[in-house]
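Trainee: Below is a structure I'd like to ask you about.
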Amino acid sequence: MKDLVATLAPLHTKPDVPSYVMLGISKYEEAPPTPQRPLSPMGEACSRLDLTAIHQILVMNHYKDDEGTNELSFQEWTQQMRDMLEARKRGDYAFRDKDFKTAIDCYSQFIDVGTMVSPTVFARRSLCYLFCDQPDAALADAMQAQIVNPEWPTAFYMQSVALAKLDMHKDAADMLNEAAGLEEKKQRVVKGS
């Protein structure tokens with residue numbers, strides 16, 4: 001045994017680098033570490049990278065988190081608006097039925113019109129991209145959801161999952177903690193009012 005170790009020791013030039021990195025083998029997928037704060041069901045699902053549970057939560061929440069983001073005057077209700085809302089509705093049906101490619105197409109039609117901005121549509125399309133193994137696009141949509149609604153925990157949770165899928169585990173853990181902190185803050189505001 002000592003002879004084997006003595007023979008292999010000169011070959012081990014980078015003792016601080018794991019062998020799977022040196023061999024170019026991707027390590028098994030890791031969920032981000034669970035934050036110190038208690039997590040909501042959405043936080044728990046994201047910490048486990050449980051896309052199915054995230055899907056169920058987004059279906060149940062519908063569009064309640066979009067309140068106030070779409071103040072439209074009567075004059076803005078045109079045929080284009082009806083078409084855009086119809087695209088979102090088709091996307092919602094496809095999302096509910098787990099037809100993620102169709103949902104991506106429909107939500108993209110809704111987003112491309114640009115008259116209404118919905119953080120929920122970005123979060124839903126982000127999850128669709130994750131199911132279709134497109135974590136870069138998922139991260140971009142989760143970031144757009146955050147731009148639309150900077151205090152929305154779901155935007156941070158979706159970024160956490162996308163970052164974990166991109167093997168950026170420290171950033172994923174940071175986003176998970178940020179989301180949990182926003183939820184905690186939101187709960188304090190609700191209890192205080």
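Taken together, the values in this text are just the output of simple stated rules run on the coordinates, not laboratory data. Please read these numbers as outputs of a predicted model, since none were measured by experiment. Here the Cβ is made from the backbone with ideal geometry for all residues, glycine too, and neighbour counts use every protein chain on show.
Trainee: Work out the count of Lys pairs in region 75-193 where the Cα-Cα distance is under 20 Å, with the pair 8 or more places apart or on different chains.
Mentor: Numbers: Lys89/Lys98; Lys89/Lys101; Lys98/Lys165; Lys101/Lys165.
So the count of such lysine pairs works out to 4.
Trainee: Apply the a/c threshold of 1.5 to the C-alpha gyration tensor of region 103-193 and tell me whether it is rounded, prolate or oblate.
Mentor: Working: a/c = 2.78, a/b = 1.25, b/c = 2.23.
The shape class here is oblate.
Trainee: May I pose another question? Along the Cα→Cβ direction, 7 angstrom out, place labels at Cys132 and Lys191. What is the inter-label distance in nm?
Mentor: About 4.1 nm, to one decimal.
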